[in-house]
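The values are calculated or read from the model by the stated rules, or taken from the named source; none is laboratory data. Nothing here was measured: the structure is a model prediction, and the numbers come from that model. So basically every Cβ, Gly included, is an ideal-geometry build from the backbone, and we count neighbours across all protein chains shown. To get the accessible areas, we keep the full protein, side chains included, count just its heavy atoms, and leave off ligands, DNA and RNA. Shrake-Rupley method; radii C 1.70, N 1.55, O 1.52, S 1.80 Å.
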Amino acid sequence: MKNFYITTPIYYVNDAPHIGHSYTTVLADILTRFHKLIGYQTFFLTGTDEHGQKVQQAAAKRQVDPQTHVDEYNLRFKNLWNKMDINYDYFIRTTDADHKQFVRECLQKLWDKGEIYSKEYEGWYSVGEERFFSEEELVDSKDPISGRPVEWLKEKNYFFKMGMYQQRLITHLEENPDWILPDYRRNEILGFLKQPLNDLCISRPKSRLNWGIPLPFDDEYVTYVWFDALINYVSGVRDRTYENGEPIWPASYHLIGKDILTTHCVYWPTMLMALEIPLPKHVLAHGWWLTGGSKMSKSSGTGVNPMDYMEQFGVDAFRYFLAREMVVGQDCTFSDDAFKRRINSDLANDLGNVLNRVHRLVLTNFEGKLPKATQIDAPAQELITLANQVKEQVFSGITQVKLSQVIEDIMSLVRGINRYLEIKAPWKLAKDDSAKDELATVLFTAAEAVRLSLCFLWPVMPTKTIEGLAMLGTTCEGEKDLHWGKFQGGESFGEGNPLFPRIEVEKAPPPPPKTKEQNKPILATDVPSLLDLRCAKIISVEDHPDAESLYVLKVDAGESEVRTICSGLKKSYSKDELQDRLILLFSNLKPAPLRGIMSMGMLLAGDGEEGKAVLVAPPANTKIGARALFKGITPSESRELKIKDFDKISLYVKDNTIFCNDNRLEFNGTPVSCDVKDEASVH
Ligand code: MSP
């Protein structure tokens with residue numbers, strides 16, 4: 001049986017947990033659940049880092065002794081993990097007696113082997129960072145990390161001979177290119193190791209700090225907090241085994257934020273080498289959650305508290321957002337808009353929609369019993385093929401810990417089911433008595449695909465997916481349920497309410513009822529003032545299932561509105577070229593179905609060379625949803641336009657910018673460009 005042991009950093013108990021802590025922990029929980037689902041034996045360790053200066057100071061500030069402080073504050077983490085459905089196997093506290101004992105054994109072993117020595121040390125000491133800096137490291141005579149003052153200190157301390165392991169560590173990194181992930185973090189460490197590696201000071205005199213584990217060979221000193229903390233990964237599983245008795249160490253993955261790369265990729269492996277303990281298999285460093293361009297923390301004081309989103313929109317939606325939105329490794333910005341947009345488009349629209357449609361149609365047409373499929377036609381076969389392909393992607397993506405990609409793959413299956421339903425329109429078949437067999441096939445096939453999607457999403461949303469599966473009269477019991485073909489027909493569907501209600505986003509008040517003015521025919525001269533052209537961003541691109549020349553795009557039109565648009569851009573752009581691009585959306589065009597898919601607007605493009613279309617490009621910093629206006633033309637009351645109205649005017653390009661008559665198209669004074677020849681027209 002394959003094993004999977006994952007860890008999170010152990011968090012300092014000097015403050016309340018925030019989004020950064022939650023992210024790492026949710027990531028570990030989801031990866032553990034996925035591995036469990038695909039048949040691994042798993043172990044998930046998290047906990048709290050309870051010694052050191054930061055914690056001692058936090059306790060002093062509250063005027064309680066450190067032990068009382070940590071006993072209270074570690075519960076903040078435990079309670080939050082409980083609430084967030086975090087299913088850890090063990091929660092380690094560095095004040096646990098067995099951990100302290102093990103740290104002392106490790107220190108004694110290194111002392112006995114001569115890996116630790118004492119020496120007088122003088123240098124600039126930073127209280128904030130709890131470490132010495134050399135003269136060259138200081139910035140403006142201050143601590144280069146926190147910017148706080150430093151003091152000159154002279155004291156005897158104990159040092160671990162870390163420098164001795166420099167070459168062995170470099171060789172390890174060279175021989176195991178995926179030991180640190182992503183690769184740019186590995187390069188960072190290899191770069192760091194080009195300089196001589198110093199020995200590591202692992203003690204603090206009790207006169208300065210007494211909240212720590214006493215050194216076994218000198219009780220005037222306590223252990224440096226990182227030396228104590230890193231050992232948790234081994235001490236936490238030392239007396240534990242997997243169910244089949246196999247030892248848990250070494251870890252498969254240490255999950256960390258990029259802020260603690262050096263401690264995990266230099267201190268820790270060299271400590272393990274000296275202790276003759278095998279190294280973990282991988283260290284995976286993720287990026288930061290940002291707000292307004294800086295790292296989010298409890299104290300970032302931006303007024304956005306992501307944890308409020310969990311209270312308001314539910315734990316599962318919050319977990320989904322964290323896991324889907326951040327690409328592991330890169331930084332990611334948290335915003336209200338991004339949160340609501342993601343939940344509305346993926347969960348309320350896509351997933352909620354397929355589940356509710358299938359559920360309702362089975363309830364109303366087959367008395368709640370899933371009918372059997374009769375004959376599998378081409379669209380059904382296509383959906384089955386997609387489901388099998390997504391299964392392969394999930395299995396391989398998960399073992400490579402590409403979480404946001406795996407979720408995107410699962411959502412492509414969900415969108416595939418929606419497309420299938422649009423093509424087969426079972427709600428129409430339901431009205432036709434002679435189409436009962438066809439209706440049965442559609443509902444059976446769609447239900448099986450929804451069942452699979454929910455099972456794949458269980459690690460991310462453990463509660464909502466189980467509720468969704470219960471609506472379909474089924475459950476998810478492990479690997480065997482991850483393949484096409486569990487439904488047999490005859491299953492009794494359960495009750496159900498929408499799993500993910502759409503989040504209402506404050507929008508402009510609805511337009512007033514049509515005035516006489518609006519019923520008037522539209523003249524060519526009216527069109528420029530009526531055209532509602534908006535900056536939008538392409539968020540996904542797929543092939544149209546039924547039209548070779550069309551893409552189906554999802555575009556973010558601002559204010560949490562996601563639109564589906566069918567566009568004939570295949571000849572001109574690849575999917576990658578379109579992904580994430582800013583475009584100009586003709587947003588008040590009357591929606592029209594294009595080969596079975598409702599298209600809600602149109603993208604504007606100019607006539608390029610060889611018959612290719614060149615997309616109109618809003619200036620790079622344009623806000624999504626901002627409206628472009630023709631200079632000198634006042635926009636008039638909003639009104640839906642037909643394509644034949646648009647055809648009444650001519651939009652053309654001069655000096656790479658767009659004009660109608662002599663009026664230039666602008667976003668707030670900045671012209672809108674299109675990279676085509678002068679006089680080319682824009683459609
Ligand atoms: N106690 C040490 C870790 C010891 S591990 C042997 C520590 N604790 S911490 O409380 O400061 O937590 C740091 C971790 O929290 C980061 O590595 C990361 O996992 C997470 N995050 C804290 N802020 C973050 C963001 N803004 N964004 C993402 N994660 C960050 O360091």
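Atom-type composition of the exposed protein surface of region 521-682 places 48 percent of the accessible area on carbon and sulfur (1.4 angstrom probe). Return the whole-Å distance between the Cα centroid of region 585-612 and the Cα centroid of region 107-138. Distance between centres, Cα-based: 65 Å. Averaging 1/r across all pairs of distinct Cα atoms in region 3-286 and inverting the result yields a Kirkwood radius of 19.7 Å. Can you give me the Cα centroid spacing of region 199-225 and region 337-375 in angstrom? About 60 Å separates the Cα centre of region 199-225 from the one of region 337-375. Our compactness index for region 162-206, the C-alpha radius of gyration over the empirical 2.2 N^0.38 Å, is 1.37.
Dividing the mean sequence gap of close Cα pairs (under 8 Å, 6+ apart) by how many residues the chain holds gives a relative contact order of 10 percent. Going by accessible surface with a 1.4 Å probe and the largest first, LYS424, LYS654, LYS281, LYS154 read LYS154, LYS281, LYS654, LYS424. Expressed per residue, the C-alpha convex hull volume of region 219-296 stands at 135 Å³. Largest to smallest in accessible area, the residues ARG204, ARG62, ARG186 fall in the order ARG62, ARG186, ARG204 (1.4 Å probe, all protein chains included). Largest first, the residues HIS683, HIS282 sort by 1.4 Å accessible area into HIS683, HIS282.
Averaged over residues, the count of other Cβ atoms within 10 Å places the peptides 116-123, 240-247, 444-451 in the sequence 444-451, 116-123, 240-247, highest first. For the chain, the Cys residues with no second cysteine's beta carbon closer than 4.7 Å are CYS106, CYS201, CYS265, CYS332, CYS535, CYS566, CYS660, CYS674. Legend: P(r) of the chain from all alpha carbon pair distances, 20 Å bins from 0, whole percents, reading 15, 40, 31, 13, 1. In the context of the full set of protein chains, the chain has a per residue accessible area of 44 Å² (1.4 Å probe). Here is the tail figure for region 333-481: Cα pairs spaced more than 25 Å apart come to 28 percent of all pairs. Legend: translational diffusion of region 60-155 by Stokes-Einstein, Rh = Kirkwood radius over C-alpha pairs, 20 °C, 1.002 mPa s; D = 123 µm²/s. A simple packing score, the average count of other Cβ atoms within 10 Å per residue, orders the peptides 330-336, 70-76, 479-485 as 70-76, 330-336, 479-485, with the highest score first. For GLY47, nonlocal amide neighbours, meaning residues 5 or more places apart or on other chains whose placed amide H falls under 5 Å from its own, are TYR11, ILE92.
Taking 27 Å as the limit for the C-alpha separation, the pairs LYS2/LYS486; LYS480/LYS554; LYS340/LYS486; LYS161/LYS194; LYS520/LYS644; LYS486/LYS537 exceed it in the case of LYS480/LYS554; LYS340/LYS486; LYS486/LYS537. Quick one: check the C-alpha center-to-center distance for region 399-427 versus region 635-672, whole angstrom. Rounded to whole Å, the Cα centres lie 37 Å apart. For region 1-149, the relative contact order comes to 22 percent (Cα pairs under 8 Å, sequence separation of at least 6). Once the Cα atoms are used to define both axes, helix 183-192 deviates from the longest principal axis of the chain by about 30 degrees.
All distinct Cα pairs of region 266-390 go into the 1/r average, and the inverse of that average, the Kirkwood radius, is 19.3 Å. For region 271-400, relative contact order (Cα pairs under 8 Å, six or more residues apart, normalised by length) works out to 21 percent.
Considered as an equivalent ellipsoid built on the Cα gyration tensor, region 419-485 has semi-axes of 27, 11, 10 Å, the largest given first.
Heavy-atom surface analysis with a 1.4 Å probe gives region 307-409 a carbon and sulfur content of 46 percent of its accessible area. The alpha carbon convex hull volume per residue for region 553-667 rounds to 132 Å³. Nonpolar atom fraction for region 1-84, defined as the carbon and sulfur part of the 1.4 Å probe accessible area, stands at 48 percent. Take each peptide in 136-144, 33-41, count the other Cβ atoms within 10 Å of every residue, and average; sorted highest first, the result is 33-41, 136-144.
Working note: 222 nm ellipticity from helices only, DSSP H runs with n ≥ 4, each -39,500 (n - 2.57), summed and divided by the residues of the chain, gives -10500 deg cm²/dmol to the nearest 500.
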